[in-house]
Number of protein chains: 2
Amino acid sequence: MCPRGCLSSICDHATRRGLLKAGFTFGVGAAAAATTTGFSATPARAAPISFERTEDLSHALYEGFPTMGGDKWFTVENIVNFAEHKVNLNRWTMMEHTGTHMDAPIHFSADGMTADMIPIGDLIVPLAVVNIAAKAADNADAELTPDDIRAWEAKNGPLPEGCCVVMNSGWHKLVGDARFTGRDGEGRNHTPGFHAETAHMLITERNVRGIGVDTLSLDTGLNSSGAFPVHYEWLGSGRWGVEAVANLDAVPETGARVLLGTPKVKGATGGPTRVIALL
Amino acid sequence: MCPRGCLSSICDHATRRGLLKAGFTFGVGAAAAATTTGFSATPARAAPISFERTEDLSHALYEGFPTMGGDKWFTVENIVNFAEHKVNLNRWTMMEHTGTHMDAPIHFSADGMTADMIPIGDLIVPLAVVNIAAKAADNADAELTPDDIRAWEAKNGPLPEGCCVVMNSGWHKLVGDARFTGRDGEGRNHTPGFHAETAHMLITERNVRGIGVDTLSLDTGLNSSGAFPVHYEWLGSGRWGVEAVANLDAVPETGARVLLGTPKVKGATGGPTRVIALL
């Protein structure tokens, strides 16, 4: 059972998946990830990384930041204030997955890495931005398909080794607009996301470390109150995700790096993240 | 009044400072900071920054991570788990200032910048590490003095422009040891910190953007249950701080950069931070 009012849309549906089937799939995925995703025990790098400027790809988080189900996932209490106490300090209560945030493999797997286990060197990777804003403008259920990846590669060359592929659907400009969660009268969400076949392709045919979206879910909204096919396969393979990425029109399709500044919390399934592009 | 059991050591004493005097000081400091600390409206940089590897300077945060007063400032509730719900997710309740974390100017000022207002480009700066571990080993109340800065410069050259000066007292190796908070039978803390004259020197005679410590307070423990002279002058001048920095023996005294991955939370006085050295 889910605690009342906080996670009903996820857990009511996610529990429909079979435990054995999922566990088996994830077991294989996790084992494979250790040898195929290039996660390194040490953050050493062979070639220097250079950058001249940065772009902040993080939304500001606030009470009332949208969530798929409409629940309040972040609250702030002022504990002491300067006028009375000469100190300002707040207490936060938050779900790990609100605002701009990381999904660690453990979020949708039985035994994947928690956020604190991912070496920082594996959170600084080449950035590939795939823009599907044109088709998403006409269809809030649009998906980033394998053909979108192939079109990107035809224009920009092969995806960089060990990169993060981020979907720019235009949704990063919609925070505060009802379209950001796309919740309809029947409680379904209509927001763009990765197609399940794209996740599978990036795992099996490319060397990609993370995927990201400018929406609240790696999956489409319609798949985020049920099957979560991308979450299960991608995170289950030992890779990470990042959601609610902001400011994507400020970075090029290729050539930048992205850095995930995620708090190092033991056992975390993710966490609020400062996402920074190095250009 | 402080809520029971959460901030008594800070606010009982901090409120002793005069409102007008402090407000005046901070107002001048904040205004001066805008023109003297080089905080930039855009993150553009003139010269490329290169690095070959990273070091994680963050402690893992967990329930029971030490606090000066012994209060519990971070709790984790598991909301759904994979065995039952096919999803793992936790809720955190935390003070903004626990574990490895940033102090934004507003933490100890009336009108300084909140964490979300600091441009990301001003959180990636040259790192200068001042090692006072030898004297701190014999004296838990040891201070990083202006003479320590001068000795560092005699050895390494002038402090880099716009740098962050971090104290390595050896305390980063003491998490879990009673010495980390150094709390005595009378409720006083004995931990190393910056001398107030050092903060003043770095504000008035150098171009320094941030200061950091491997303890829980920029001030010494003895000054952290009362006057907080370093907090008031440093943060009041519009500059930031970072506390409980880890792994400092892995970085050189000069030549690296430090990046603060602090969540972008509206109105935050600080926050749990992924501190990363770029080498």
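The values are calculated or read from the model by the stated rules, or taken from the named source; none is laboratory data. All figures in this text were calculated on a predicted structure; none of them were measured in a lab. Here the Cβ is made from the backbone with ideal geometry for all residues, glycine too, and neighbour counts use every protein chain on show.
Name the residue, out of A:42, A:25, that is modelled with pLDDT under 95, of a type in the set (S, T, N, Q) and part of a helix (DSSP H, G or I).
That would be A:25, the only listed residue that is modelled with pLDDT under 95, of a type in the set (S, T, N, Q) and part of a helix (DSSP H, G or I).
Would you mind listing the strands (runs of 3 or more DSSP E) fully within the stretch B:231-278 where at least 1 residues are of a type outside the set (A, V, I, L, M) and within 11 Å of another protein chain (Cβ to nearest Cβ)?
In the stretch B:231-278, B:256-261, B:270-272, B:274-278 are the strands (runs of 3 or more DSSP E) which contain 1 or more residues that are of a type outside the set (A, V, I, L, M) and within 11 Å of another protein chain (Cβ to nearest Cβ).
Which condition from (1) in a helix (DSSP H, G or I); (2) away from chain A (no Cβ under 13 Å) is the one that residue B:106 breaks?
The number of the failed condition is (2).
Going by the conditions given, is residue A:124 of a type outside the set (Lys, Arg), surrounded by 18 or more Cβ atoms within 10 Å (Cβ to Cβ) and within 16 Å of the chain's Cα centre (by Cα)?
yes
Can you name every residue in the stretch A:241-259 that is in contact with an Asp or Glu (Cβ under 9 Å, 6 or more places away or on another chain) and within 22 Å of residue A:66 (Cβ to Cβ)?
A:241, A:242, A:243, A:244, A:245, A:246, A:247, A:248, A:250 - these are the residues of the stretch A:241-259 that are in contact with an Asp or Glu (Cβ under 9 Å, 6 or more places away or on another chain) and within 22 Å of residue A:66 (Cβ to Cβ).
Would you mind stating whether residue A:177 is out of contact with any Cys (no Cβ under 9 Å at 6 or more places or on another chain), within 13 Å of chain B (Cβ to nearest Cβ) and more than 30 Å from residue B:246 (Cβ to Cβ)?
So residue A:177 fails the test.
Select from the stretch A:135-167 the residues that are under 26 Å from residue A:184 (Cα atoms) and surrounded by fewer than 11 Cβ atoms within 10 Å (Cβ to Cβ) and list them in ascending order.
Matches in the stretch A:135-167: A:138 only.
Quick check on the stretch A:55-93: of everything there that is among the polar types (S, T, N, Q), farther than 15 Å from residue A:175 by Cα and crowded, with 20+ Cβ neighbours inside 10 Å, which residue is nearest to the chain's Cα centre (by Cα)?
A:90
Surrounded by fewer than 24 Cβ atoms within 10 Å (Cβ to Cβ) and hydroxyl-bearing (Ser, Thr, Tyr) - does that describe any residue in the stretch B:233-252?
Within the stretch B:233-252, not a single residue is surrounded by fewer than 24 Cβ atoms within 10 Å (Cβ to Cβ) and hydroxyl-bearing (Ser, Thr, Tyr).
For residues that are among the charged types (D, E, K, R) and touching a residue at least 40 places away in the same chain (Cβ under 8 Å), scanning just the stretch B:48-70, find the one that is farthest from the other protein chains (Cβ to nearest Cβ).
B:55
So, in the stretch B:82-103, how many residues would count as being more than 7 Å from every other protein chain (Cβ to nearest Cβ) and assigned to a loop (DSSP other than H, G, I, E, B)?
Of the residues in that region, 3 qualify.
Testing residue B:76 on (1) facing chain A (nearest Cβ under 9 Å); (2) part of a loop (DSSP other than H, G, I, E, B); (3) farther than 25 Å from residue B:189 by Cβ, one condition comes back false. Which one is that?
Every listed condition holds for residue B:76 apart from (2).
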